[in-house]
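For reference, the structure is listed below as structure tokens.
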Amino acid sequence: MAERDQTLGDLAAALVECRKCERLVSWREKVATEKRAAYREETYWGRPVPGFGDPEARLVLVGLAPAAHGANRTGRMFTGDRSGDWLYRALHRAGFANQASSAARDDGLKLRDCWVTASVRCAPPRNSPLATETANCSDWLVNELSAFKGLRVLVALGGLSHTNLLRLAPRLGWSAPRPRPAFGHAVVTALGDGPVLVSSYHPSQQNTFTSRLTEDMFDRVFVLARRLLEE
Ligand code: SF4
């Protein structure tokens, strides 16, 4: 336990210094300086955002990237924005979180058997990283996922993370089926001797406002994850 805490802590300490993607560094810092009016009294994080949760987790969720005024402001994944409201409400209903809200790094939120991270760690313009930026950030994700020795279930939030995780599987010693399975909601893919991948629509406002993703649909993903953990 202490060793894994140390590994994840060391990774986070190195990650927050990363400046590999010039466009994203400049964007995350510009947003942090200019701020949204509602948050003008706050000090934005404005750096890469580390993963968050239970270091002993068997379930790891991989989102797209920090939101400009969400995690890029608060410094914790899916914290301080509408996507996070959806995500942590669902995790709370499924028993993976001690509370249903996520507003700030010191809000008392704790995850049980669950870790939340992202494919890209710096907020991208229009929530849309370039392929080169996703590739640049892959080492961080591979090193982080490698630390979870008991990993059983991976949840990909959104199509980019679904594709990215299938692409990275061989680097983690897992096999991915060929042809690669298409992205879809609640699609389950076994990664050989590695974890099972469950893919989900991302809880972005684009999906939740249009009811492409409903709370019932989102709950289905975590019921599935729970069942896979208990098999
Ligand atoms: Fe570094 Fe990833 Fe941020 Fe690029 S997106 S600067 S690789 S942390």
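The values are calculated or read from the model by the stated rules, or taken from the named source; none is laboratory data. All values derive from a computational prediction rather than experimental measurement. Glycine gets a Cβ as well: all are built from the backbone with ideal geometry, and neighbour counts include every protein chain shown. For the accessible areas, the whole protein counts, side chains as well, though only heavy atoms, and no ligand, DNA or RNA atoms are used. Shrake-Rupley method; radii C 1.70, N 1.55, O 1.52, S 1.80 Å.
Points to keep in mind about this one:
- Three-way shape call for the stretch 11-124 based on the alpha-carbon gyration tensor, with the a/c threshold at 1.5: oblate
- Fully extended contour minus Cα-Cα distance, from Leu229 to Ala100, at 0.36 nm per residue: 44.3 nm
- Remark on Leu197: its backbone amide H falls under 5 Å from those of Leu154, Thr189, Ala190, Leu191, a criterion applied only to residues 5 or more positions apart or on other chains, H modelled at 1.01 Å from N.
- GluC sites (Glu not before Pro) lying in DSSP loop within the stretch 29-121, provided at most 12 other Cβ fall within 10 Å: Glu41
- DSSP-defined antiparallel bridges as percent of all bridges, the chain, nearest 5: 35
- HN-Hα J in Hz across the stretch 185-193 - Karplus 6.51, -1.76, 1.60, θ = phi - 60°, x for Gly and Pro: 6, 6, 6, 10, 10, 7, 9, x, 7
- Remark: the stretch 106-156 carries 38 Å² of accessible area per residue (probe radius 1.4 Å; ligands, DNA and RNA excluded).
- Förster radius 45 Å - calculated FRET efficiency between Arg220 and Asn143 (Cβ-Cβ, nearest 0.05): 0.90
- Gain in span if fully extended, Arg178 to Glu22, counting 0.36 nm per residue against the direct Cα distance: 52.7 nm
- Top of Ala65, Ala103, Ala38 by mean-square fluctuation, Gaussian network on the chain, Cα under 10 Å: Ala38
- Residue-wise HN-Hα coupling along the stretch 27-34, computed from phi with Karplus coefficients 6.51, -1.76, 1.60 (Hz; x: Gly, Pro): 5, 4, 7, 5, 4, 5, 7, 6
- Cross-link partners of Lys110 among lysines, defined as those whose alpha carbon lies under 21 angstrom from its own and excluding same-chain residues fewer than eight positions apart: Lys149.
- In this structure the amide hydrogen of Ala67, modeled in the peptide plane, comes within under 5 Å of the amide hydrogens of Asn72, Phe78, none closer than 5 places in sequence on its chain.
- Area of His162 that stays accessible when all protein chains are in place (1.4 Å probe, Å², to 10): 0
- Cβ crowding within 10 Å averaged over residues, with 199-205, 88-94, 175-181 ranked highest first: 199-205, 88-94, 175-181
- Helix 159-168 vs. the chain, principal-axis angle (Cα, 0 to 90°, nearest 10): 60
- Global form of the stretch 124-190, assessed from the alpha-carbon gyration tensor, a/c cut-off 1.5: oblate
- Over all directions, the projected convex hull of the C-alpha atoms in the chain averages 11.9 nm² in area.
- HN-Hα J in Hz across the stretch 197-211 - Karplus 6.51, -1.76, 1.60, θ = phi - 60°, x for Gly and Pro: 9, 10, 9, 9, 4, 6, x, 6, 4, 4, 8, 7, 5, 8, 6
- Working from label points 7 Å from Cα in the Cα-to-Cβ sense, the Ser128 to Arg171 distance is 2.4 nm.
- Straight-line reach from Lys20: taking Cα to Cα under 24 Å and skipping same-chain neighbours fewer than 8 places apart, the lysines in range are Lys30, Lys35.
- Contour excess over end-to-end distance, with Cα ends at Arg82 and Ala14 and 0.36 nm allotted per residue: 21.7 nm
- In Å², nearest 10: area of Arg82 left accessible to a 1.4 Å probe: 130
- Percentage, to the nearest whole number, of Cα pairs in the stretch 117-230 over 20 Å apart: 43
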